[in-house]
1. Roughly how many nanometres apart are two label points built 7 Å out from the Cα toward the Cβ at A44 and I9?
2. So for the stretch 1-68, Kirkwood radius off the Cα pairs, Stokes-Einstein at 4 °C and 1.567 mPa s: how many µm² s⁻¹?
3. Can you tally the lysine pairs in the chain where the Cα-Cα distance is under 22 Å and the two residues are eight or more apart, or on different chains?
4. Residue by residue through the stretch 74-81, which ³J(HN,Hα) values in whole Hz follow from phi under the Karplus form 6.51 cos²θ - 1.76 cosθ + 1.60 (θ = phi - 60°), with glycine and proline marked x?
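No value in this document is a laboratory result; all are computed from the given coordinates. Since we're looking at a predicted model, the values are computed, not measured. Cβ placement follows ideal geometry from the backbone for every residue including glycine, while neighbour counts extend to all protein chains displayed.
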Amino acid sequence: MVLDAPTFIDETGVFPDRNIDSEFLLLTKGFDHVRRKLGEERYAALVDLAARAKALFAADQESSNGKTREGRALLFEMEDVLSDVRHRRVKAKLKDEEGEINGD
């Protein structure tokens with residue numbers, strides 16, 4: 001997502017329907033998928049970060065006013081939250097759906 005910001009439009013034409021709305025919908029659907037593992041507080045934080053990032057990217061479609069940089073920083077914050085959850089799951093030796101302890 002970082003590289004495709006702020007528009008998220010596929011310039012190659014391979015994914016002609018890809019845009020900011022489709023990408024953020026996929027992101028938040030991914031959070032829904034792992035909501036139980038995240039916990040409600042982290043889930044809410046990630047959804048909020050995603051909404052804020054999307055608004056910043058939408059406000060800087062030409063990447064000219066600094067909002068794209070702010071939006072990218074929020075993407076990295078989301079990555080940090082997810083990494084923390086994975087680390088905690090490994091430390092607590094919580095198994096994933098396949099019965100493995102790997103942070104998934």
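1. Using points 7 Å along Cα→Cβ, the separation is 3.7 nm.
2. On the way: Rh = 12.8 Å.
The estimated diffusion coefficient comes to 101 µm²/s.
3. Working: K29/K37; K29/K54; K37/K91; K37/K93; K37/K95; K54/K67.
Close lysine pairs found across the chain: 6.
4. Once θ is set to phi - 60°, the couplings for the stretch 74-81 become 5, 4, 5, 4, 4, 4, 4, 4 Hz.
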